[in-house]
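Working notes, beginning with the structure itself.
The values are calculated or read from the model by the stated rules, or taken from the named source; none is laboratory data. Note that the coordinates shown come from a computational prediction; the quantities given were computed from them, not determined experimentally. Every residue, glycine among them, receives a Cβ derived from its backbone with ideal geometry; neighbour counts consider all protein chains shown.
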Amino acid sequence: MTGTVLDVSDANYQEFTHAQAAVVAYGLATCEPCKAYDPILELVAAKFPDLKIGKAKMHVPGRCREIKKTHTFETYPTTHFFSHGKLVLTREGVVEPAELVALISDHLLK
């Protein structure tokens, strides 16, 4: 599905992040800023239907073990921007819609 925020877990992480351009937001169910970020991600996903935008639910037991081995998170939400499997940018905290659009345009859609 394009134009929607996809679920990211260990099972699809490699394929997801190796896309031409992908954004992954890591969050927790108990994190209020993470909940506030969800509608922003949905809004931006609708603006970029060909871009992979996903959310990794780090609180679900067993779903993101390998992701946790690869990345360390001090803040939730944390957003990673990938191009062909390479991590090109990291942002901690909620990224406002205009900034998220600008970051995607500047770093992933050059």
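The number of residues in the stretch 60-110 that are more than 19 Å from residue 9 (Cβ to Cβ) and either among the hydroxyl-bearing types (Ser, Thr, Tyr) or part of a helix (DSSP H, G or I) (or both) comes to 14. For residue 38, the criteria (1) touching a residue at least 24 places away in the same chain (Cβ under 8 Å); (2) part of a loop (DSSP other than H, G, I, E, B) hold in every case but one, which is (2).
The rows are residues; the columns are (1) at pLDDT 95 or above; (2) touching a strand residue (DSSP E or B) at 6+ places or on another chain (Cβ under 6 Å).
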{"site": "24", "(1), (2)": "yes, yes"}
{"site": "27", "(1), (2)": "yes, no"}
{"site": "43", "(1), (2)": "yes, no"}
{"site": "54", "(1), (2)": "yes, yes"}
{"site": "59", "(1), (2)": "no, no"}
{"site": "77", "(1), (2)": "yes, yes"}
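With respect to residue 26, determine if the residue is within 14 Å of the chain's Cα centre (by Cα) and part of a helix (DSSP H, G or I). No; evaluated as a whole, the condition is false for this residue. Taking the criterion of being in contact with a Ser or Thr (Cβ under 8 Å, 6 or more places away or on another chain), touching a residue at least 24 places away in the same chain (Cβ under 8 Å) and of a type in the set (Ser, Thr, Tyr), the residues of the stretch 66-110 that qualify are 78, 79. Scanning the stretch 84-110 for residues that are within 13 Å of the chain's Cα centre (by Cα) and among the hydroxyl-bearing types (Ser, Thr, Tyr) yields a count of 1. The residues on offer are 26, 13, and the sole one that is over 15 Å from residue 96 (Cβ atoms), aromatic (Phe, Trp, Tyr) and in contact with a helix residue (DSSP H, G or I) (Cβ under 7 Å, 6 or more places away or on another chain) is 13.
Search the stretch 63-110 for residues being among the acidic types (Asp, Glu) and farther than 19 Å from residue 19 by Cβ, and hand back the single one that is surrounded by the fewest Cβ atoms within 10 Å (Cβ to Cβ).
74
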